[in-house]
Amino acid sequence: MADQKPRMQVVGRLDVSKEAGPPRWDPETNDAALSEAAQAFQAGELDSAAAAFTRAHEQSIHDPRPLGGLALVAMQRKDWKAAAEHGRIASTKRDAGYEIYYNLGFCFLQLGKRDDALLAWQIAFQKDPTQPHAIHQLVSNGRIPRLEGQQELTDPQPLDTLSRLELYDTVGRAVHHEGGDGTFKHTVEWAIARGAPWGQIAAWLVGKGIHDDLSLIEIFSAVDAHLADSWVAGFLVGGGAELQKAASINEDFGLLVDGGSVNPKGKVLFAKLDADSSRAVIPPQRTSAAHVVGLAQSIFPILGPKSALVITVDPATHLGPRRLWIVTPSSDNELVGEWKGTLDDGGTPPPQAVPDDAIVPADAVPLYVPNTEPAALAALIDEHGLAGVVTVGEPDGMVTVHADRVGGVGDGWWSFLGALSERVPGGSAVLARWREGNKDYVAICRKGAPVDRVKLTCGWPSDDSSLDGPVPMELQFLGRALFQGPRPKGG
């Protein structure tokens, strides 16, 4: 959650030109008095702070900062009426900043004036849309932050996978070089560059527990951990000369040309120029899909407006469906595969046995073993030779399965599932999931019945409308052909 402390305005602007509106003021006039006031305030000497703020106000009556300081003193004394009045007068001055409006909104809320508080926070957001405090207050009170001139907004704007990846790849690079300052500085820069609706996006981010650039990277990198270690394959569409130029400029991109060689371990992405030099083939390779998208975005200006990245993305260390990404200089498009199941006898399993598109870490797939306490669970695991690949978890009855290793234990895994079945209450079923190479399976365990094995295949989804409109038909055909290819082995 964003810091909810009052905010202090400490900077101003000087402009002595004559124009309509409140008079301008010289920030240097009050430098000494405001510095003295700030030191006293931080030391908890409220009377001295109030005296210094009063003196500053008398020296420059058009400067909003001394009045904002007096509001802060009153807030510390919980004199909300006086604080609101100081803040209200400060807000009528030229260049009243974010902090004055944020604190004014807080005072109004304490006085029960919720609508006035929300209006003050909307203005605070417009004064500085990078600050998280007003955003949090608005969202927690059911409002969407809106920039100046915008109408009342009703819904947050979620980011799809590719936009999210582009965002935190961009922000991550900026934070790496410049650091974070507790605001949305770099996120706002990204939104402005894209023409994205920042207020609605900000509301969605706050709903995800994100309150600045650093927490955005931390939370999204965890949400999309499966994309940080993925198998990708496909095509990078662009002219041969442009592709070679991109490879010569960007050290993260390796291009094989005329039998040349490149060390793929030193690249985010490597590809091989095809015979007619109209595109580069991306052979299956394990890399960060998030960085691949960022790389493509960085070289599109070199490749030109008709360039495109068309790749399949399969998680290496997670269980989850295949994805198809078609990225162009003007659009990002994602299609998520749909699981379909077939029993060993060719029959159709119950729909509950077929997973959705959720992503699960392959080394920690949860499995419930009914009516079995931890000590008995540990004994059952050892009895079937599954130590190290199945471990006792929490709460009681839960184990975690390393989905990429249990298939290599031989009959131990299957006999373990048989023993589990006998513990399932009548009329119920327990599902176990694992992966062998590039094949995904689900077992259906029921009391008094053989364990049914369901082979999962990831097919083209029944709803492929995400590719409608901006995706050229030739790229759609290319993507569909890629999607039908075999999946690579798991991690």
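Only the coordinates and a few stated rules stand behind these numbers; no lab work does. Predicted model only: the values in this text are computed from it and were never measured. When we count neighbours, we look across all protein chains shown, and the Cβ atoms used for this are built from the backbone with ideal geometry, even at glycine.
Tell me the Rg and the Dmax, in Å, that the Cα atoms of region 155-260 produce.
Over region 155-260's Cα set, Rg and Dmax evaluate to 16.8, 53 Å.
Convert 37 °C to kelvin, take the viscosity as 0.692 mPa s, use the Kirkwood radius over C-alpha pairs of region 100-139 as Rh, and evaluate the Stokes-Einstein diffusion coefficient in µm²/s, rounded to a whole number.
Answer from the Stokes-Einstein relation: 346 µm²/s.
Calculate the spin-label point distance for Glu242 paired with Lys208, positioning each point 7 Å from the Cα along the beta-carbon direction, and give it in nanometres.
With each label point 7 Å from Cα toward Cβ, the separation is 3.0 nm.
Quick one: if you stick a label point 7 Å off each Cα along the C-beta vector at Asp411 and Asp344, how many nm between them?
For Asp411 paired with Asp344, the spin-label model returns 1.3 nm.
Computed over the Cα atoms of region 49-194, what is the convex hull's projected area averaged over all directions, in nm²?
The orientation-averaged projected area of the Cα hull of region 49-194 comes to 10.5 nm².
Can you work out the FRET efficiency for the pair Ala222 and Gln59, with r the C-beta to C-beta distance and R0 = 45 Å, to the nearest 0.05?
0.30
Taking K and R as +1 and D and E as -1, what net charge do the other residues with C-beta under 15 Å from the C-beta of Ser298 add up to?
-2
How many angstrom lie between the C-alpha centres of region 306-361 and region 392-425?
Value for the Cα centre distance between the two parts: 26 Å.
Once the mean 1/r over all distinct Cα pairs of the chain is inverted, what Kirkwood radius in angstroms do you read off?
27.0 Å
On a 0 to 90° scale, report how tilted helix 473-483 is relative to the longest principal axis of the chain, with both axes built from alpha carbons and the result rounded to the nearest 10.
Around 60 degrees separate the two axes.
Roughly what % antiparallel, to the nearest 5, for the DSSP beta bridges in region 339-459?
The antiparallel proportion sits near 95 percent.
Decide, for region 25-101, between rounded, prolate and oblate: order the square roots of the alpha carbon gyration tensor eigenvalues as a ≥ b ≥ c, take rounded if a/c falls under 1.5, and otherwise choose prolate if a/b is larger than b/c, else oblate.
oblate
Which angle from 0 to 90°, rounded to the nearest 10, does the C-alpha axis of helix 98-110 make with the longest principal axis of the chain?
Long axis of 98-110 versus the principal axis of the chain: about 90 degrees.
Please give, to one decimal in nm, the separation of the simple spin-label points placed at Trp460 and Lys489, each 7 Å out from Cα toward the Cβ.
3.0 nm
Just to confirm a number: summing +1 for Lys and Arg and -1 for Asp and Glu over residues other than Gly427 whose beta-carbon lies under 9 angstrom from that of Gly427, what do you get?
Once positives and negatives cancel, what remains is +2.
Under the Kirkwood approximation for Rh and a Cα-based Rg, what ratio Rg/Rh is obtained for region 339-459?
Reported Rg/Rh (Cα atoms, Kirkwood Rh): 0.94.
Rounding to the nearest 20 debye, state how big the charge dipole of the chain is about its Cα centre with +1 on each Lys and Arg Cβ and -1 on each Asp and Glu Cβ.
340 debye
Determine which residues of region 92-136 fall in the zone a paramagnetic label at Glu178 would reach in this model, i.e. backbone nitrogen under 18 Å from the point 7 Å along Cα→Cβ.
128-132
Please label the shape of region 161-223 as rounded, prolate or oblate, based on the square roots a ≥ b ≥ c of the eigenvalues of the alpha-carbon gyration tensor (a/c under 1.5 means rounded; beyond that, a/b larger than b/c means prolate, else oblate).
Verdict is rounded for region 161-223.
Would you tally the net charge around His318, using a Cβ to Cβ cut-off of less than 15 Å, leaving His318 out, and scoring K and R as +1, D and E as -1?
0
Can you tell me the relative contact order of region 339-459? Whole percent, Cα pairs under 8 Å, sequence separation 6 or more.
RCO, region 339-459: 29 percent.
Return the tail of the calculated pair distribution for region 115-204, meaning the percent of Cα-Cα pairs more than 24 Å apart.
Percentage above 24 Å: 19.
Enter the angle in degrees (range 0 to 90, nearest 10) between the Cα long axis of helix 374-383 and the first principal axis of the Cα atoms of the chain, meaning the one along which they spread out most.
40 degrees
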